[in-house]
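A single structure is presented below for examination.
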Amino acid sequence: MEAQQKNRRDRLVVTNPITGAEIGDYPVMSSGEVAALVVAAREAQAEWSQLSLGHRAKSLRSLRRLIYDRADEIADTIRSETGKVKGEALAETVIGCEMATFLARKAPRVLRARGASPGAFTHRSARVVYEPFGVIGAITPWNYPFAISMSVIGTSIAAGNAIVLKPSEYTPATGMLAVELAAEATGMGDLVQLATGDGRTGAALVESGVDKIAFTGSTASGAKVMEAAARSLTPVVLELGGKDAMIVCGDADLERAARGAVWSAMYGCGQTCMAVERAYVVDEVYDEFVEHVVQLARRVRASDEPEAMIGSLIADFQRDRVASHVEDARNKGARVLLGGRALDEPGYFYAPTVVVDVDHGMTIMNEETFGPVLPIMRVADEDEAVRLTNGNPFGLDASVWTRSRDRARRIAGQLNVGAVVVNDHLINYAIADLPFGGVGHSGFGRVHGLEGLREFVRPKAWVEDRLAFGQEPHWFVEGSNGEEFTGNLLTFRHGRGPLRRLAAGLRVVRGMITR
Ligand code: TXE
């Protein structure tokens, strides 16, 4: 059985995608086992949420140090489960450290209660308190198994939550390592729990009574998660697939744009939700751009040797998906200028591939390919590029390549996506202070940044009496429908002319005193 996993009903047997060696055997946890994890997490959370924001920040600084100290071990674990090259695996530890540092620095300020204006109720005090949800259920994928898991763990605990993490069935060891580091950093072993298993365990987590679900994965599975969560009105954050476009303008630095295109399309073997999966290039520079891309892509080595730039796809299903998109394009008239075939070596390697003469009747231009493939399309002008970019139901990242800042800003402002990058792509994910997420079929809600931090707390409005009268002016008064008081309040707050407003205000105060 070539498939990477030999799932028996109740066990996950994980193999190294390149060597085929069995590297782990984990339980497919049942709904009962998941429920028990949630109970333990909830008990720990009751204690964790009472600790100060400063204590949480201290734990996050410890987490950053632990990730740094064990970076090699983390990277090797990621490699063994995903077949990534070492540099890409190590990059996940950089993102983990960036996140932990950002959260440690920002959480104490962002999550501190804030004062609010009492508005018309001047005799009241108002504020907003940011409370944790309780227990977060996190379901994460195999493509960035450490970075994505650590991001949601760090944010959850910064916000005062506990978390039950269900990593992908392809990368449970990496998820386990992330949980272990978090337990050591917080000193609370039950605060971050690990649920091993496949989609069944993920589905059990959604229905386990957690207080919020943070899902990263395919759009198809994300829709199932949302449907199941709807039954219990459990809120969700969905980080889903992408079909990112890059727009190359006539004045772009073509050598740079080609270099960026090859990197953005093939980094992580293309298994990156914000990888470039469509290049729209204006007519006057199209031929030169394609020539640059082919020359550069020819130099991208995909293998398990140390000098390789990209590694293996995750499993046979992914390689078959990529191959089917390229075959469909060929059958519909596209030309494959480079690659377009699986590589004949152990693992699930696929040749860096450049495809031209593509159109939107082809799967490769519409659905997430998730492989080292770059389809390039000639467009008449920037307007056509914007229209085609927005014409796809996904909306994660997009990039604009031009030497003109005005042109970049004009185009970027028209793109219906979660992030735009000028003269680069996908690096926004590694900028901890930026919110990450998509629109349309790429999901909703945000992780990272202040917006991501606020996703994991519930704002509670808080009003207290400063001056207490016998009864409130807005309460019932016998024999009155409140018209006089409300009319005076309206004039006092919003009327014309200071004297009229003052007179109305005095009538309001008199009404409050004499009741
Ligand atoms: O993803 P899934 P898979 C895309 C990519 C890939 C395709 C399939 O195109 O080819 O998705 O990959 C859990 N209820 N992306 O199958 O199914 C599952 O166990 C609850 C893009 O790996 O989305 C895993 O932990 N949980 C994406 C997680 O969901 C469920 C990254 C993701 O698995 C579930 C990964 C259910 N019903 C794949 N079904 C990105 N955009 O980064 C599955 N899971």
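Scanning the stretch 239-251 for residues that are crowded, with 24+ Cβ neighbours inside 10 Å and among the hydrophobic types (A, V, I, L, M, F, W, C), which turns out farthest from the ligand (Cβ to nearest atom)?
Checking each candidate, the answer is Val248.
Turning to a different aspect of this structure: Given (1) surrounded by fewer than 17 Cβ atoms within 10 Å (Cβ to Cβ); (2) outside any loop (DSSP other than H, G, I, E, B); (3) touching a residue at least 24 places away in the same chain (Cβ under 8 Å), identify the lone condition not met by Thr19.
Of the numbered conditions (1) surrounded by fewer than 17 Cβ atoms within 10 Å (Cβ to Cβ); (2) outside any loop (DSSP other than H, G, I, E, B); (3) touching a residue at least 24 places away in the same chain (Cβ under 8 Å), the odd one out for Thr19 is (2).
Report yes if Val281 is in contact (Cβ under 8 Å) with a residue 40 or more places away in the chain, among the hydrophobic types (A, V, I, L, M, F, W, C) and within 16 Å of the ligand (Cβ to nearest atom), otherwise no.
No: the conditions fail for Val281.
Residue check: is Ala104 more than 16 Å from the ligand (Cβ to nearest atom) and surrounded by 24 or more Cβ atoms within 10 Å (Cβ to Cβ)?
When the stated conditions are applied, Ala104 does not pass them.
Does Leu489 fit the bill of being out of contact with any strand residue (DSSP E or B) (no Cβ under 6 Å at 6 or more places or on another chain), touching a residue at least 40 places away in the same chain (Cβ under 8 Å), not small (Gly, Ala, Ser) and not in a helix (DSSP H, G or I)?
So Leu489 does not fit the description; no.
Could you count how many residues in the stretch 501-511 are touching a helix residue (DSSP H, G or I) at 6+ places or on another chain (Cβ under 6 Å) and at pLDDT 95 or above?
Adding up the residues that qualify gives 2.
Which condition number does Ala308 fail, the rest of (1) in contact with a strand residue (DSSP E or B) (Cβ under 7 Å, 6 or more places away or on another chain); (2) within 16 Å of the ligand (Cβ to nearest atom) being met?
(2)
Could I ask something else about it? Can Glu484 be described as touching a residue at least 24 places away in the same chain (Cβ under 8 Å), under 45 Å from the mean Cα position of the chain (by Cα) and more than 30 Å from Arg278 (Cα to Cα)?
no
Find the residue count for the stretch 284-329, including only residues that are among the small types (Gly, Ala, Ser) and free of Cβ contacts under 8 Å to residues at least 40 places away in the same chain.
Looking only at that region, the number is 2.
The values are calculated or read from the model by the stated rules, or taken from the named source; none is laboratory data. Nothing here was measured: the structure is a model prediction, and the numbers come from that model. As a convention, Cβ positions derive from the backbone with ideal geometry for all residues, glycine included, and neighbour counts pool all protein chains shown.
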